[in-house]
Amino acid sequence: MEMSKEEFLGQFGGDYGYPGAPKGVDEMRATEFKRLEGMAYLDHAGATLYSEVQMADVLNDLTSNVYGNPHSQSDSSMATSDLVTAARHQVLKYFNASPREYKCIFTSGATAALKLVGECFPWSRESCYMYTMENHNSVLGIREYALSKGATVLAVDVEEVADLAKNHGSDSLYKISRRSNQRRGKDVLSHNCQNGSLSDILGQKFSLSLVKLIKEGKIPLQQQIIALFSLDSSVFSMLIKYIKYRGKWMVLIDAAKGCATEPPNLTVYPADFVVCSFYKIFGYPTGLGALIVKNEAANLLNKTYFSGGTIAASIADIDFVQKRKNIEQVLEDGTISFLNIASLRHGFKIIEMLTTSAIERHTASLATYVRNKMLDLKHSNEINVCTIYGQQSSKVEGLKMGPTITFNLKREDGSWFGYREVEKLASLFGIHLRTGCFCNPGACAKYLGLSHSDLVSNFEAGHVCWDDNDIINGKPTGAVRISFGYMSTYEDAEKFLKFLQSSFVSLPVQFNGYMLNLNSLNLIDNSSQKAVSDIHLKSIIIYPVKSCQGFGAKSWPLTTGGLMYDREWLLQGSGGEILTQKKVPELGSIRTLIDLELGKLFIESPTRRDKLQVSLLESLADLREEIDVFGQRYEVQSYGDRVNTWFSEVIGRPCTLVRCSSSKYRSCTYTGLRDRPCRDTQSKLNFVNEGQLLLISEESISDLNSRLNSGKGDCKQKLPVDAMRFRPNLVISGSSPYSEDNWKKLCIGEACFTSMGGCNRCQMINLHQDSGQVLKSKEPLATLASYRRKKGKILFGILLNYEDIMEGENEIVAERWLQVGQQVHPSIE
């Protein structure tokens, strides 16, 4: 699959790398983006990156000049006013907009600019707001203003015309067809958005030419309409919006994503409104965007609110206010972000050096190369690996691609890889990409084939934006997106393609000792499941406070929740959030110990001399409350200032220690059937994520370490990983590596446990303490991902629930203890 760089340059060398610029892309990456060494950043549609030279120029500017509030006449204020005026002209120049015809209004971003148009536009019952299914939520949100004023709202589909001969010789490639009308109130107009042959409207290459066609009245849409169309051939990209007011079409372009590579030329395509965010173009500053508005269109925007800087005069105790004549000052509330505006010229300097046309060709060459290579990927049974979404689903020739590729991946059996699995693995490879629906619900529904009932049922099942529910009822709920920027390189593209090849393309099934191939349904070799009489319990570890260090014990009692006092305490932040090592790595240095005879929990930290003592029998009845911990409700008891101050000083942030007093948790236990379907049970859990206990075998650890040392994973690691890296409760010895995977039940002494299946590992196992410092690497998770992946999970160790209740008319809980050295008797039936 791999093409050498020489071959790539032979095909794309005239467009890749800025051959005519003062700096080529390789030199630029080496000198201005040194922080990207070893990684591939592929989320430029989300936010492109600032260069180190750019930030040095910003720092030098701000430390060499004095910029004051522009709402004054001092020298520093006048300097700021002059700088802001120059910045407005530079923005207009970027869009080739004449300062005589257009104004630049600074906002906090493209979303704020869209909101400004929506809230200030003179909507009426004669208006109709139209947008494509691909539009961003920030665009869909405008419909709230339209609907509240009685306007009609209409969504349209833009479909690719496969047979150009049916277009009667036209150059048009896309057809627009409407969906059902939306209207609030009793009276629905019969003429607006009702008639007219939308299904016959053809846009030329779905591009900015639509601006001219609609403004010239060559597309027979009904009056009083704002329409939105996608510019880019890739999904979820730059968008256009159209308004017809009093018989005259007005056009609004959402250029937030697309203007980084192809800013609309407003001299050629005279839109009335354009919105953008500058961090999408050159990375910094964030929180700053603009509305570029035509003078006639600006006069229609009626802003109700007034603030400092927007008025010429006002009287406090009577209804008198006179707004300023300058439209920028009228629409910009308060003091604008003038220091961020001062930074714009340093970003534009880079774009001017490279030129937008060269950036477009550079990013298109990478996207075209990667896209075509992705379409070549096939499993061993010839099933395609990649499903690419957008207007063109087949290979392209030339530079017809935008910089964005949106896709999902399939297994060899036709099922989908979840986007969270892709994202999780990508992070181990040093690849930054985007997953989900990208705030484009219509595009998700359209391209993923999700009906209205699918969307509603997914929401009712708990799926919301940015969560981990990536596959529901066999269908993806989102997708994966990569996007290239002006500093992206061939090496970024090749790193991504190698990641796809090594992680998602299946090879012929080959037995390798303990595992079948990555996507095989069986994790282990059943022949290794033989009766072993010398499996014994090697270690017992209890973790009283969630995410803090645990302690070992020779013997320990069991309760209905598993090991007594295990994860019975946790820390809450000042906002009620649950604190774990993911958020607060310092928790990993806090040591705990419980003395059952004294009835005390001892806690110490290397940063404090005094040890904290907490009574196990202390009554906190007056401080009871309910909290939510990862979607489950717990009744807890809170501690007072003495305990909370100690923890707050140790971790450097305000926090509260709470203790679990009761919980009801619905868990899923496997039956003895081969495919392991689940049955619902009620189990009491303390503050654990899933099962009551985690079991790991020494033999599995040993096999993992041999792989780490041999370099079969992502990298060669010399230091061995011990069992404590995985925070187990029980460590066993004497079994075969990974034999625990197929255990259904096991007994240790008189105590019996049910297996809940494998434990899904995350990047927590890549954190380790060294001389008081928290270090993070890609291992051992990267190596585990190479041979322990199953249906989106990286499994290591098994979760257990303790079978604590004796059946009978009177249920009696027998007191049982675990003891190091006890025999372990597993069952695979």
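If you go through the stretch 544-592 and keep only what is open to solvent by 20 Å² or more (accessible area, probe 1.4 Å), more than 24 Å from residue 730 (Cβ to Cβ) and either in a loop (DSSP other than H, G, I, E, B) or not assigned by the TED database to the domain that holds residue 729 (or both), you end up with 574, 575, 576, 577, 583. Just one of the listed residues (300, 344) is open to solvent by less than 60 Å² (accessible area, probe 1.4 Å) and either farther than 30 Å from residue 487 by Cα or touching a strand residue (DSSP E or B) at 6+ places or on another chain (Cβ under 9 Å) (or both), and it is 300.
Of all residue pairs spaced 6 or more apart or on separate chains, those with beta-carbon atoms under 8 Å, a first member in the stretch 734-751 that is under 13 Å from residue 829 (Cα atoms) and open to solvent by 10 Å² or more (accessible area, probe 1.4 Å) and a second member that is of a type in the set (Val, Ile, Thr) and in a loop (DSSP other than H, G, I, E, B) are 741/524; 742/524; 742/828; 744/828.
As a summary of the residue check, residue 469 satisfies the conditions (1) more than 19 Å from residue 416 (Cα to Cα); (2) touching a Gly at 6+ places or on another chain (Cβ under 7 Å); (3) not hydrophobic (A, V, I, L, M, F, W, C) except for the one numbered (1). Taking the stretch 427-448 as the range and being of a type outside the set (A, V, I, L, M) and not in a loop (DSSP other than H, G, I, E, B) as the test, the residues that pass are 427, 432, 434, 435, 436, 441, 442, 444, 446, 447. Contact annotation: residue pairs with Cβ atoms under 9 Å, 6 or more positions apart or on different chains, pairing a residue in the stretch 631-649 that is polar (S, T, N, Q) with a partner that is in a helix (DSSP H, G or I) and surrounded by 14 or more Cβ atoms within 10 Å (Cβ to Cβ), are 637/623; 638/623; 638/644.
Residues are listed down the side, and each one gets a yes or a no for (1) in contact (Cβ under 8 Å) with a residue 40 or more places away in the chain; (2) out of contact with any Phe, Trp or Tyr (no Cβ under 9 Å at 6 or more places or on another chain); (3) assigned by the TED database to the domain that holds residue 139:
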residue	(1), (2), (3)
49	yes, no, no
60	no, yes, no
66	no, yes, no
109	yes, no, yes
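For the stretch 240-258, does any single residue satisfy the condition of being open to solvent by 60 Å² or more (accessible area, probe 1.4 Å), at pLDDT 85 or above and in a loop (DSSP other than H, G, I, E, B)? No, the conditions are met nowhere in the stretch 240-258.
Comparison of 635, 597, 649 shows that the only residue that is out of contact with any Gly (no Cβ under 7 Å at 6 or more places or on another chain), part of a strand (DSSP E or B), at pLDDT 75 or above and not aliphatic (A, V, I, L, M) is 635.
Here is the figure for the stretch 30-40: residues that are open to solvent by 40 Å² or more (accessible area, probe 1.4 Å) and under 21 Å from residue 54 (Cβ atoms) total 6. For the stretch 608-621, the set of residues classified as modelled with pLDDT of 90 or more and either polar (S, T, N, Q) or in a strand (DSSP E or B) (or both) consists of 612, 613, 614, 615, listed by residue number. Evaluate the stretch 353-362: report whether one residue or more is part of a loop (DSSP other than H, G, I, E, B), closer than 18 Å to residue 107 by Cα and open to solvent by less than 70 Å² (accessible area, probe 1.4 Å). The answer is no, given that none of the residues of the stretch 353-362 is part of a loop (DSSP other than H, G, I, E, B), closer than 18 Å to residue 107 by Cα and open to solvent by less than 70 Å² (accessible area, probe 1.4 Å).
Taken over the stretch 321-350, the criterion of being closer than 19 Å to residue 68 by Cα, of a type outside the set (Gly, Ala, Ser) and not in a helix (DSSP H, G or I) is satisfied by 332, 333, 335, 336. Tally time: how many residues in the stretch 392-417 are in a loop (DSSP other than H, G, I, E, B) and at pLDDT 90 or above? Counting residues in the stretch 392-417 that are in a loop (DSSP other than H, G, I, E, B) and at pLDDT 90 or above gives 6. Here is the figure for the stretch 68-81: residues that are part of a loop (DSSP other than H, G, I, E, B) and either closer than 30 Å to residue 491 by Cα or open to solvent by 40 Å² or more (accessible area, probe 1.4 Å) (or both) total 5.
Residues that are open to solvent by less than 60 Å² (accessible area, probe 1.4 Å) and among the charged types (D, E, K, R) within the stretch 758-795 comprise 761, 779, 788, 789, listed in sequence order. Residues in the stretch 110-157 that are under 30 Å from residue 339 (Cα atoms), open to solvent by less than 10 Å² (accessible area, probe 1.4 Å) and not in a helix (DSSP H, G or I): none.
Considering the conditions (1) surrounded by fewer than 14 Cβ atoms within 10 Å (Cβ to Cβ); (2) over 27 Å from residue 264 (Cα atoms); (3) modelled with pLDDT of 95 or more, residue 89 is excluded by exactly one of them, (2). For the stretch 44-62, a residue qualifies if it is buried (at least 18 other Cβ atoms within 10 Å of the Cβ) and at pLDDT 95 or above, and the qualifying residues are 44, 48, 49, 50, 51, 54, 58.
The values are calculated or read from the model by the stated rules, or taken from the named source; none is laboratory data. The structure presented is a predicted model; accordingly, all values stated were derived computationally and were not measured. Don't worry about glycine lacking a Cβ; one is built from the backbone with ideal geometry, like all the others, and counts go over all protein chains shown. Please note that ligands, DNA and RNA were not included when accessible areas were found on the heavy atoms of the full protein model with its side chains. Shrake-Rupley method; radii C 1.70, N 1.55, O 1.52, S 1.80 Å.
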